[in-house]
1. Determine, from the Cβ-Cβ distance of L200 and R158 and an R0 of 35 Å, the FRET efficiency 1/(1 + (r/R0)^6), rounded to the nearest 0.05.
2. Could you go through segment 80-96 in sequence order and give the Karplus-derived ³J(HN,Hα) for each residue, using 6.51 cos²θ - 1.76 cosθ + 1.60 with θ = phi - 60°, rounded to whole Hz, and x for Gly and Pro?
3. Provide the packing ranking of 92-98, 182-188, 27-33, 148-154, i.e. peptides ordered by the mean count of other C-beta atoms within 10 Å per residue, highest first.
4. Would you mind computing Rg(Cα) / (2.2 N^0.38 Å) for segment 60-206, counting N as its residues?
5. Compare the peptides 61-73, 168-180 by average per-residue count of other Cβ atoms within 10 angstrom and give them in order, highest first.
6. So how many Å³ per residue does the convex hull of the Cα atoms of segment 133-187 work out to?
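What follows is calculated from the coordinates using simple rules that are stated; it is not laboratory data. Note that the structure is a prediction, hence the values are computed from the model and not measured. With ideal geometry, Cβ positions are generated from the backbone for all residues, glycine too; neighbour counts draw on all protein chains shown.
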Amino acid sequence: MPTNYSTHSKKGQLTRKREPYQFMLWLGLIGSSMLFLSLIIVYLQRKIELGWYGIHLPRIFWLSTLVIFSSSITLFEAQLAFRTERFKHYRICLSITFLLGLLFTITQAVGWLELVSYSLPASEKSSLFFISLVTGLHFLHILGGMAFLGILLTEALRNDSYIDAFVYSVNAPNVLRLKLLGIYWHFIGFLWLLLFFILLIYQVKT
């Protein structure tokens, strides 16, 4: 009876077991994309057919756009540092990403509160409602990403020695979690850029 066991099949089984997480994430992102696309189509259709007024976006949303774009860059750099075993650089970039994410949530909250505080005539309230809904839903997506990012940052700061960080980095579930965070974070960053510029183009009153 053979006594030697190969780890290849076990590794393959573990990899297949982890794959559903990435698949489920992509399903969720596709669902979110369809939701936002539907809202934007309805908004543009009503604006054209019913003559809805465009709403001037809060200026702080420009800062939000710059911040979320920068956070994608720092997270990409953190992922690269993680793969190349530059763990100190990884912790720094992940910390900066978290701080930028926090700044984004603050600017978004300020902008959203400014939107809902607008005193507008009835003819413009429907348009304001849709814009507030779209930006509010995106804000909720950001909060989910911040929670996930906070967990990984806490683990990165806890494993501050090179040995602990290396052991953490060769653990396949940890690698997968960072990959999933990157997919989600870059998605919501791109989604905000798309939403912002669409709303910016159609903010001019008809």
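1. Numbers: r = 41 Å, r/R0 = 1.18.
Given R0 = 35 Å and the Cβ-Cβ separation, E is 0.25.
2. 5, 5, 4, 5, 9, 6, 9, 6, 5, 5, 4, 5, 5, 5, 5, 5, 4
3. Numbers: 92-98: 20.3, 182-188: 18.1, 27-33: 13.0, 148-154: 15.9.
Going from most to least packed, we get 92-98, 182-188, 148-154, 27-33.
4. Working: Rg = 18.1 Å, N = 147, 2.2 N^0.38 = 14.7 Å.
Output field value: 1.23.
5. Peptide ranking by packing, descending: 61-73, 168-180.
6. 66
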